[in-house]
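Below is one structure, written out as structure tokens; the observations come after it.
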Amino acid sequence: MPSPDRRRLLLAGGLAGLASVAAPRLGRADRPFQFGLTPVFLTSDLVLLEALQAYLTRAIGSEVRLVLKRTYQEITSQLVAGQIDAAWICGFPFVAYRSRLDLVAVPIWRGRTTYQSYLIAALGRQASTVDDLKGDVHAFSDPDSNSGFLVTRALLAERNVRPEAFFSRSFFTYGHRNVVRAVAAGLAQSGSVDGYVWEVMTETEPELTTRTRVVWRSDWMGFPPVATSAGNLRDERVARLQTGLRNMAADPLGQRVLGLLRLDGFALADADLFRSIAHRVALVGRE
């Protein structure tokens, strides 16, 4: 049987290939509904992806194709251009492209529509603040990740220093789980990671998270949202997606998906939920 990583690559390649085959003669309502997933997505488990696809297909009333990409930027650019119908993205690109995106729904985790960014280090590391990590080899998740890059960059901007001057070296892992793996394996001395991902991994992969410790937690910020192109909320299938997400907790298959994701459900929210992320984008932009 292929390893989980191998299965992920095979699945991602297959889904991406399917998503790229578009019949130009089909109208928007006739072609499969394309739903994008970025590395903010917790896992590439086949059972989860199949259950999510089945639930969304039933909720929307037409075939759904999941589009997986390695980077946030690939999915965000397709979403902004209207090449995919909706996507579960990160708060950073949602804020950066606010005028070109509409909010569909926000996940509810532990009773909140917010989450935190964590700075983590190896378990035995004596560190309690970001300043204690100066000179580290540091693992980031993605250049367009809020919790996996922007939050730490904004922390350093408040100190009038850039990552390349603060850390001895930094690199992108292109996945929050990969940040945890890098720190646990000693490939990085510290890392910036999505707190939701770290907490869920504590339940599902404790052999990794127990080799790390949380040095610092951010304030509570808007949870990575599901978004669509501006004006697209009027599209009938996007409206059904929104309804389906809101009703997921009341549906047996939806409950299964939420259980796999460790989420309580999805809710409607206002873009003000992402105000603290917008503040960080502005702070970094002044550098």
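The values are calculated or read from the model by the stated rules, or taken from the named source; none is laboratory data. Keep in mind it's a predicted model, so treat the numbers as computed, not measured. Methodologically, a virtual Cβ is constructed for each residue, glycine included, from the backbone with ideal geometry; neighbour enumeration extends over all protein chains shown.
Structure notes:
- Summed over the range 50-87, residues that are without any contact (Cβ under 8 Å) to a residue 40 or more places away in the chain and of a type in the set (Val, Ile, Thr) total 3.
- Failed condition for Lys69, given (1) over 21 Å from Ser145 (Cβ atoms); (2) crowded, with 19+ Cβ neighbours inside 10 Å: (1)
- From Val193, Val183, residue being at negative phi, surrounded by 22 or more Cβ atoms within 10 Å (Cβ to Cβ) and not in a strand (DSSP E or B): Val183
- Single unsatisfied condition, Val161 versus (1) assigned to a loop (DSSP other than H, G, I, E, B); (2) modelled with pLDDT under 95; (3) β-branched (Val, Ile, Thr): (2)
- Where a residue in the range 245-267 is on the phi > 0 side of the Ramachandran plot and its partner, wherever it lies, is in a helix (DSSP H, G or I) and of a type in the set (A, V, I, L, M, F, W, C), with Cβ under 6 Å and at least six apart: Arg262/Val200; Gly265/Met248; Gly265/Ala249
- Residues in the range 236-268 that are in contact with a Gly (Cβ under 7 Å, 6 or more places away or on another chain) and crowded, with 19+ Cβ neighbours inside 10 Å: Met248, Leu258.
- Selected residue (only one of Ser190, Ser170 is of a type in the set (S, T, N, Q), closer than 25 Å to Glu74 by Cα and either over 21 Å from the mean Cα position of the chain (by Cα) or outside the structural domain of Tyr72 (by TED's automatic domain parsing) (or both)): Ser170
- Pro143 satisfies every condition listed in (1) crowded, with 19+ Cβ neighbours inside 10 Å; (2) assigned to a loop (DSSP other than H, G, I, E, B) except (1).
- Counting only residues that are within 12 Å of Ile277 (Cβ to Cβ) and touching a Ser or Thr at 6+ places or on another chain (Cβ under 8 Å), the range 97-115 holds 1 of them.
- Annotation: of all residues in the range 196-218 being in a loop (DSSP other than H, G, I, E, B) and not β-branched (Val, Ile, Thr), the one that is farthest from Gly135 (Cα to Cα) is Glu205.
- Pairs where the first residue, in the range 153-172, is without any contact (Cβ under 8 Å) to a residue 60 or more places away in the chain and the second is of a type in the set (S, T, N, Q) and surrounded by 14 or more Cβ atoms within 10 Å (Cβ to Cβ), C-beta under 7 Å, 6+ apart: Pro163/Ser170; Phe172/Ser141
- In this structure, Arg125 does not satisfy being outside the structural domain of Arg213 (by TED's automatic domain parsing) and of a type in the set (D, E, K, R).
- Qualifying residue in the range 130-140 (condition: without any contact (Cβ under 8 Å) to a residue 40 or more places away in the chain, in contact with a Phe, Trp or Tyr (Cβ under 8 Å, 6 or more places away or on another chain) and either under 25 Å from Asp264 (Cβ atoms) or surrounded by fewer than 24 Cβ atoms within 10 Å (Cβ to Cβ) (or both)): yes
- Residue tally, condition polar (S, T, N, Q) and surrounded by fewer than 23 Cβ atoms within 10 Å (Cβ to Cβ), over the range 146-159: 0
- As for the range 133-156, it holds at least one residue that is of a type in the set (Lys, Arg), under 19 Å from Arg280 (Cβ atoms) and outside the structural domain of Pro32 (by TED's automatic domain parsing).
- Selection within the range 36-92 - at pLDDT below 90 and either acidic (Asp, Glu) or assigned by TED's automatic domain parsing to the domain that holds Tyr196 (or both): Asp45
- Residue in the range 127-139 that is part of a strand (DSSP E or B) and more than 29 Å from Thr209 (Cβ to Cβ) present: no
- Any hit, the range 229-239, residues being more than 22 Å from Val80 (Cα to Cα), in a helix (DSSP H, G or I) and polar (S, T, N, Q): no
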